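The values are calculated or read from the model by the stated rules, or taken from the named source; none is laboratory data. Not measured: the values here are computed from a predicted model. Glycine also receives a Cβ, built like all others from the backbone with ideal geometry; neighbour counts cover every protein chain displayed. For accessibility, only protein heavy atoms count, side chains too; no ligands or nucleic acids. Shrake-Rupley method; radii C 1.70, N 1.55, O 1.52, S 1.80 Å.
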Amino acid sequence: MASDKKLKSFAIDLFRINAVKFGEFKTKVGLMTPVYCDLRVIVSYPELMQTLADLLLEKIKDKKNVDILCGVPYTALPIATALSLKTGLPMVMRRKEAKDYGTKKLIEGVFKDGDRCLIVEDIVTSGSSILETVKDLVNEGLKCKDAVVLLNREQGGAKILENNEEKCIDTAMQQKVKKYLAETQVTESVLNKAPAINRFKMPFLDRSKLAKNPVSIKLFGIMSSKQTTLCLAADLTDSTKILNLAEQVGPYICALKTHIDIVEDFHPNLIQPLKDIAKRHNFVLFEDRKFADIGNTVEMQYSKGIYQISSWASLVTAHSLTGKGVLDAIKGAPGNEERGVFLLAETSAAGSLINDTYTKATLKLTADYPDLVSGIVCQNPLFSDSPGLIQLTPGVKLESKGDNLGQQYNTPDYVVIEKGADIAVVGRGITEAADPVTAAKLYRDVLWKAYEKRIEN
Ligand code: 6AU
């Protein structure tokens, strides 16, 4: 076959340019190897890059299920570029260097959640570099099932040996290398060994690097630095009481959740002092509006009227009932740049009409709005493999006894450890306590300990 001939002459070329050497070499881990491959030099030979891209193209031409390419840094980056130019497939790049987190992206380039990514690698020995790359790509929402590799040290080495007609090496060396390669075969598919990503075990700071919504990134940071996963449901009807409580419990919470439409003496003048307190104590303002109408109405409810929610609340809740329109409306409405949505996938109410199909469809909807959706309001660990999303769980109280209107409570330990809650919403457990400040501190401590227990190995 023409491609076989091409592969053969390519293998000899690799030898000629010193990309493959035979002799006695020490590997990274200190073992001796009779064959050494370093394909970095190939960038100096553009004709060889052309040939390489053709050969790889040959390998992947039947693959219909590839949307995007990613080279394993660094040697395979130019190889992936060459393949991208040949195929017209777009490419992303994974950063390898130590990242100072915050805004720096791990994956550069344009991609969509669920894009099927083909990994391009130069040489596979243990597959650990491929695994690192796959981990980052999967965390960003890409799907990685296939890799195309120029040289599997077993297969590739053997090929070069087979093509030894030009007597690049003597027979003794040929035997030695054959024996070595036979003994050090890579057998398992490395992609199958990709570690499962599990948010329950990940520290918040690591997860903040994987979050796409700016408010989630900020929240993860606040949670880590203040060591609190407590969101106070300040369900009070008096402005002054809300401000006083916010000021007092501010040091212990990551978010203050309001139902602004229950405030009997509401005046827009409430908002600025509330914002000042949130800034001073470093927590996020969260309006639990539970938007559920058609997009056009939601846009007005969110940004207009006396509450002008979009001008002060960084977070809001929304039902997924009417589908994409709600999220499009929140995304496009005027107001603060910084905004995030928690979608309700379950409720804590007894007899709720939400069923499994609805819950699953809600989770699916989040995938289309990675930069808008901060997380999910739910009672169960519905998603483990999206560490950038936050699980917000209400219905939390130290004594797990409900009220007489269908509210069902669970204890902090239970919701965090058993049910996967990242942020716990506590309302009456604090507002109705004899000493709300001591109660807030206690909830903060118990919840944080439970989180630490959950992530410990
Ligand atoms: O601790 P509580 O029962 O005093 O307050 C719980 C708070 C209330 C509810 O409106 C809200 O959490 N909530 C939500 C949210 C946050 O959206 C969903 C839900 O399923 N159950 C629930 O209680 O402000």
- Query: On average, how much area does the Cα convex hull of the range 304-457 cover when viewed from any direction, in nm²?
  - Reply: 10.7
- Over the range 199-456, relative contact order from alpha-carbon pairs under 8 Å, at least 6 apart, %: 22
- How much net charge surrounds residue 204 when only other residues with a Cβ under 13 Å from its Cβ are counted (Lys, Arg +1; Asp, Glu -1)? +4
- FRET efficiency for residue 456 and residue 337, Cβ-Cβ distance as r, R0 = 30 Å, nearest 0.05? 0.25
- Using R₀ = 56 Å, calculate the FRET efficiency as 1/(1 + (r/R₀)^6) where r is the Cβ-Cβ separation of residue 43 and residue 247; round to 0.05. 0.40
- Working out 0.36 nm times the residue gap between residue 267 and residue 12, then minus their Cα-Cα distance, what length gain in nm do you get to one decimal? 83.8 nm
- Query: What fraction of the DSSP beta bridges in the range 199-456 is antiparallel, stated in percent and rounded to the nearest 5?
  - Reply: 5
- Message: Rolling a 1.4 Å sphere over the protein heavy atoms, what is the accessible area per residue of the chain, to the nearest Å²?
- Response: 48
- Have a look at the chain and give its Rg and Dmax from the Cα atoms, expressed in angstrom. 28.0, 93
- Helix-only [θ]222 nm of the chain, DSSP H runs n ≥ 4, -39500 (n - 2.57) each, per residue, nearest 500: -11500 deg cm²/dmol
- Query: Counting only protein heavy atoms, what percent of the accessible surface of the chain is carbon or sulfur at a 1.4 Å probe?
  - Reply: 52
- Please identify the GluC sites (Glu not before Pro) of the range 187-291 that satisfy two criteria: DSSP loop assignment and at most 14 other Cβ atoms within 10 Å. Which are they? 188, 264
- Message: Rg and Dmax in Å for the range 199-456, alpha carbons only: what are they?
- Response: 16.8, 47
- Item | Cβ crowding within 10 Å averaged over residues, with 213-219, 11-17 ranked highest first | 213-219, 11-17
- Message: Is the C-alpha gyration tensor of the range 387-454 telling us rounded, prolate or oblate? Criteria: a/c under 1.5 is rounded; beyond that, a/b larger than b/c is prolate, otherwise oblate.
- Response: oblate
- Which of the chymotrypsin sites (Phe, Trp or Tyr not before Pro) found in the range 344-417 are loop residues per DSSP with 10 or fewer other Cβ atoms within 10 Å of their Cβ? none
- Folded to 0 to 90 degrees: helix 271-281 orientation relative to the chain principal axis, Cα: 50
- Of 86/364; 364/419; 201/226; 135/257; 201/419; 96/226, those spanning more than 24 Å from alpha-carbon to alpha-carbon: 86/364; 135/257; 96/226
- residue 449 paired with residue 300, simple spin-label distance in nm, labels 7 Å along Cα-to-beta-carbon: 5.1
- Based on the Cβ-Cβ distance from residue 399 to residue 5, what FRET efficiency comes out when R0 is 60 Å, to the nearest 0.05? 0.15
- Round to the nearest 10 and give me the degree value, 0 to 90, for the angle of helix 436-455's Cα axis relative to the longest principal axis of the chain. 20
- Message: What is the distance in Å between the Cα centroid of the range 310-386 and that of the range 230-254?
- Response: 24
- Subtracting the Cα-Cα distance from 0.36 nm times the residue separation, let me have the gained length for residue 64 to residue 292 in nm, one decimal. 78.1 nm
- In nm, what is the difference between 0.36 nm times the number of residues separating residue 371 and residue 205 and their Cα-Cα distance? 58.0 nm
- Message: From Cα pairs below 8 angstrom and at least 6 apart in sequence, can you work out the relative contact order of the chain, rounded to a whole percent?
- Response: 12
- Task: Go through the range 6-20 residue by residue and turn each phi into a ³J(HN,Hα) via Karplus (6.51, -1.76, 1.60, θ = phi - 60°); whole Hz please, and just put x for glycine and proline.
- Result: 5, 4, 4, 6, 5, 4, 5, 4, 4, 5, 4, 8, 6, 6, 10
- If you take the Cα atoms of the range 233-321, find Rg, then find the Kirkwood Rh from the mean of 1/r over all pairs, what is Rg/Rh? 0.97
